[in-house]
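Heads up, the thing below is written out as structure tokens.
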Amino acid sequence: MKVYAVGGAIRDTLMGLPVHDIDYVVVGSSVEEMITQGYRPVGKDFPVFLHPDTQAEYALARTERKTGKGYKGFMFYADPSVTLEQDLERRDLTINAMAQEVGSDGKWVGPILDPYNGQQDLAAKVFRHVSDAFAEDPLRLLRIARFAARFPEFSIAPETMEALRAIVQSNELSALSAERVWQELARGFTASNPMRMFQVLLDADAAKVLLPSSLTSNLAKEEYREQLVLHLHASGSRLEDRCAVTLMDLPASDIRAWSECVKMPNEVRDFSEIFSELNLLIEKRGGDTGGIYQPADVLAWFNRADVWRKPERGYALLDLARRIGLSVGALITAIQSAQSLNAAEVIDSIPVEDRSHGEIIRRAVDAARLSAIATALNTQPT
């Protein structure tokens, strides 16, 4: 029985990056032996165990065979006869198919075992798939796109790009769960260069399957891509901000439809929709209103953003717009003016007999807010 650290931990160590999670593979053992040594079985689809002391996950070396659609459509075979090379062969990229033995004290010992030349591809900064079985797992397309966003200096080997296109042509992407698609996209959104993820999806012809059609059309335009790169850089690394600037030119209805397809978290969806509507408000100011915000339009957006109950979100939306170069100074002044209103004083101005009517109170508060917004906007230069 031998234990090896494998995959991303070896890759990141060689790249001088911090290692957060370590995958362990056990060669030459069985389920019975692992249990006898105190490991606790937790794997549903294949033998995975928790270490009795560290609770780290240890998996028996295994091979796999395609039996159905999607990334779960595999049959696994784990046996003491399965070699380390066989286990590494089922992995996605050569740079993720390296291993190093783990001694009894938990330290890595001996040379790096690299049967598929991962170190060579790592030095050349190339993503290359390990075997033809790569194209059998549709999730790998999203993983490569996400890796490209994390390591933008890497290129994709031509044969690997062909394998990605083969995944798209197989229609297996439709077998992926919405939750898993979003998980990979979200990690790409917050990586160092999300545009590389989008470029891989475009090059593999997968964008039309995984992204909103209007976004895919926009991404096909070089000018749009260049502008989005600038916006993504200015937006910071927060998921809500990255997603919002990517989707800002889409109608809110398109964002809602796509969010349902990929099970986007509600807070990310809402932030993106409201930012899209803010972008429309700013565009309207520069168009048919002659460079002037209409107070009613501003109040409508404030209400849509629910800045009264969620002021932090309202300011976060306006600050994001400011960071990507949109002119929102007047809106910031207007929101501050409207939020400074004393609701009690507004209610006191309503006849006593009407103070129990919610709709009358709401209209009075809206009128006061509208007046405050109009006054603030009139003090701003056009």
Self-check item: ³J(HN,Hα), Karplus 6.51/-1.76/1.60, whole Hz, each residue of the stretch 128-142, x for Gly, Pro
Solution: 9, 6, 7, 8, 5, 5, 3, 6, 7, 10, x, 4, 5, 4, 5
Exercise. Round to the nearest 10 and give me the degree value, 0 to 90, for the angle of helix 329-339's Cα axis relative to the longest principal axis of the chain.
Key: 70
Exercise. In debye, nearest 20, what is the charge dipole magnitude of the chain about its Cα centre with +1 on Lys and Arg Cβ and -1 on Asp and Glu Cβ, if you could check?
Key: 360
Exercise. Determine how many Å³ per residue the convex hull of the Cα atoms of the chain encloses.
Key: 189
Quiz item: Stretched out fully, how many nm does the piece from Glu57 to Glu223 gain, at 0.36 nm a residue minus the Cα gap?
Solution: 55.1 nm
Self-check item: Helix-derived mean residue ellipticity, 222 nm - over the chain, DSSP H n ≥ 4, -39500 (n - 2.57), to 500
Solution: -15500 deg cm²/dmol
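Round to a whole number: what % of the accessible area of the chain belongs to carbon and sulfur, probe 1.4 Å? Show your work: numbers first, answer last.
On the way: 9180 of 18330 Å².
Answer for the chain is 50 percent, counting heavy atoms of protein chains only.
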Quiz prompt | Long pairs among Lys2/Lys263; Lys44/Lys208; Lys263/Lys310, criterion Cα-Cα beyond 30 Å | solution = Lys2/Lys263; Lys44/Lys208
Quiz item: Heavy-atom accessible area per residue, the chain, 1.4 Å probe: how many Å²?
Solution: 48
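Over the stretch 4-142, what portion of Cα pair distances is larger than 28 Å, expressed as a whole percent? Mind showing how you got there, number by number?
Values: 1635 of 9591 pairs.
Pairs farther apart than 28 Å: 17 percent.
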Quiz item: If you put +1 on each Lys and Arg Cβ and -1 on each Asp and Glu Cβ, how big is the dipole of the stretch 1-105 around its Cα centre, in Debye rounded to 20?
Solution: 520
Quiz item: Taking +1 at the Cβ of each Lys and Arg and -1 at the Cβ of each Asp and Glu, which of Ala191, Gln119, Ser155 sits farthest along the dipole of the chain towards its positive end, judged by Cα position relative to the Cα centre?
Solution: Ala191
Quiz item: Under the definition of Cα pairs under 8 Å and six or more residues apart, what whole-number percent is the relative contact order of the stretch 115-225?
Solution: 30
Self-check item: Largest-first principal axis extents, alpha carbons of the stretch 171-322, Å
Solution: 50, 33, 26
Self-check item: Per-residue HN-Hα couplings for the stretch 272-280 [Karplus 6.51, -1.76, 1.60; θ = phi - 60°; Hz; x = Gly/Pro]
Solution: 5, 4, 5, 5, 4, 5, 5, 4, 5
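Considering all projection directions equally, how large on average is the shadow of the alpha-carbon convex hull of the stretch 120-176, in square nanometres?
On the way: hull surface 15.3 nm².
One quarter of the hull surface, i.e. the mean projection, equals 3.8 nm².
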Practice problem: Using a 1.4 Å probe and counting only protein heavy atoms, arrange Cys261, Cys243 so the residue with the most accessible area comes first. | Solution: Cys261, Cys243
Quiz item: Ignoring the sites themselves, what is the longest stretch of the chain with no trypsin sites (Lys or Arg not before Pro) in a DSSP loop and at most 15 other beta-carbon atoms within 10 Å?
Solution: 126-220
Practice problem: Please give every one of the aspartates and glutamates within straight-line cross-link reach of Lys284, meaning a C-alpha to C-alpha distance under 15 Å, and leave out same-chain neighbours fewer than 8 residues apart. | Solution: Asp249, Asp297
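The values are calculated or read from the model by the stated rules, or taken from the named source; none is laboratory data. This one's a predicted model, so the numbers in the text were calculated from it and none came from an experiment. Virtual Cβ from ideal backbone geometry, glycine too; neighbours counted across all protein chains shown. For accessibility, only protein heavy atoms count, side chains too; no ligands or nucleic acids. Shrake-Rupley method; radii C 1.70, N 1.55, O 1.52, S 1.80 Å.
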